[in-house]
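Step one of this worksheet: look at the structure below.
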Amino acid sequence: MATLRYEILALRYAHFADRTQGTNLIFPDDHAAPMPLDFFVWAIRGEGRTIVLDTGFDAASAARRNRIWLRSPIDALRRHGIDPEEVRDVVLSHMHWDHAGHWDSFPNARFHLQKAEMAYCTGSCMCHEPLRRPFDVEHVVQAVRHVFAERVTFHDGTVELAPGITLHLVGGHSGGLQIMRVPTARGWVVLASDATHFWANIRRRNPFTLLHNLERMIEGWVTCERLADGPDHIIPGHDPLVTARFPAVPGDADTVQLHLPPAA
Ligand SMILES: [Zn+2]
Ligand SMILES: [Zn+2]
């Protein structure tokens, strides 16, 4: 059991209803079965610090890509007492459009990225439409500007970001996807982001359709399982069951507390 204890909020800010098993899973049982996605940013608080994991997309991107934008993730953070202007550390799990917007909302933060992810989203793979489709070039340009402003910290594999909190390179879904391990009162929680979009991906060994490297995706699941204290300690990146199962912060049904046990 971890001795350091952080609290973790999952803040849901968008929804995508028009998805099925056929569009989400490489091995669907029923192609037409509805399988909607939710979109989150995560906040980790404790031991005198606040860390934001992923920054989400804005209303214009939601309209362009036909997602239902429930609220600004930046406003959602503010609502829970997190002032983006005071946040010192922002971790980007990866650079996909739905995770890596709002750079200017964090004027005093350092952005933490894996070297491999930056190389991927600025490299020759982006010459190919199917590979660049999940990226927004404006986010990538923002990342480059922040590199030149010395506001990006690059990691190459596993690193301790704060006491007890570690980042781990897994790749698989994107070239340099990283996950975060956090000690909480209920044990070690892994914020897996798109290492597993749904619990169904990791639990049924059924990969999401958007892939960089299938072997590394599967090895990433093994890494999640090694680092977490149990199946419910692995938090998927887009699963509507997250808000259904974990206790909400009173007054905000779209923000749930991952440091507390889920409902059965
Ligand atoms: Zn992604
Ligand atoms: Zn995603």
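The values are calculated or read from the model by the stated rules, or taken from the named source; none is laboratory data. Here the structure is a predicted model, which is why all the values come from computation and not from measurement. A quick note on method: Cβ atoms are made from the backbone with ideal geometry, for glycine too, and the neighbour counts reach across all protein chains shown. Note: accessible area is taken over every heavy atom of the protein model, side chains too, but ligands, DNA and RNA are not part of it. Shrake-Rupley method; radii C 1.70, N 1.55, O 1.52, S 1.80 Å.
Worth pointing out:
- In this structure the chain gives 41 Å² per residue of accessible area when probed at 1.4 Å with all protein chains present.
- Close amide H contacts of L161 (hydrogens built in the peptide plane, cut-off under 5 Å, sequence separation of 5 or more or a different chain): T166, L167.
- Along principal axes, Cα extents of the range 15-144, largest first, whole Å: 47, 35, 28
- Report note on the peptides 79-88, 218-227, 172-181, 113-122: ranked by the mean count of other C-beta atoms within 10 Å, highest first, their order is 172-181, 113-122, 218-227, 79-88.
- The relative contact order of the range 111-157, computed from alpha carbon pairs under 8 Å that lie at least 6 residues apart in sequence, is 64 percent.
- In Å, descending, principal axis extents of the Cα set of the chain: 47, 45, 33
- Just the protein heavy atoms count here, and of the accessible area of the range 191-242 at 1.4 Å, carbon and sulfur take up 55 percent.
- What the Cα convex hull of the range 13-88 gives, in volume per residue, is 119 Å³.
- Near I234, the amide H atoms lying under 5 Å from its own belong to V190; only residues 5 or more places off or on other chains count, and H is placed 1.01 Å from N.
- Every helix of 4 or more DSSP H residues in the chain counts as -39500 (n - 2.57), and over all residues that averages to -6000 deg cm²/dmol at 222 nm.
- For the range 70-155, the carbon plus sulfur part of the accessible surface works out to 51%, probe radius 1.4 Å.
- Amide H to amide H distances under 5 Å link T55 with A100, G101, where only residues 5 or more positions off or on other chains count and H is placed in the peptide plane.
- For the chain, relative contact order (Cα pairs under 8 Å, six or more residues apart, normalised by length) works out to 19 percent.
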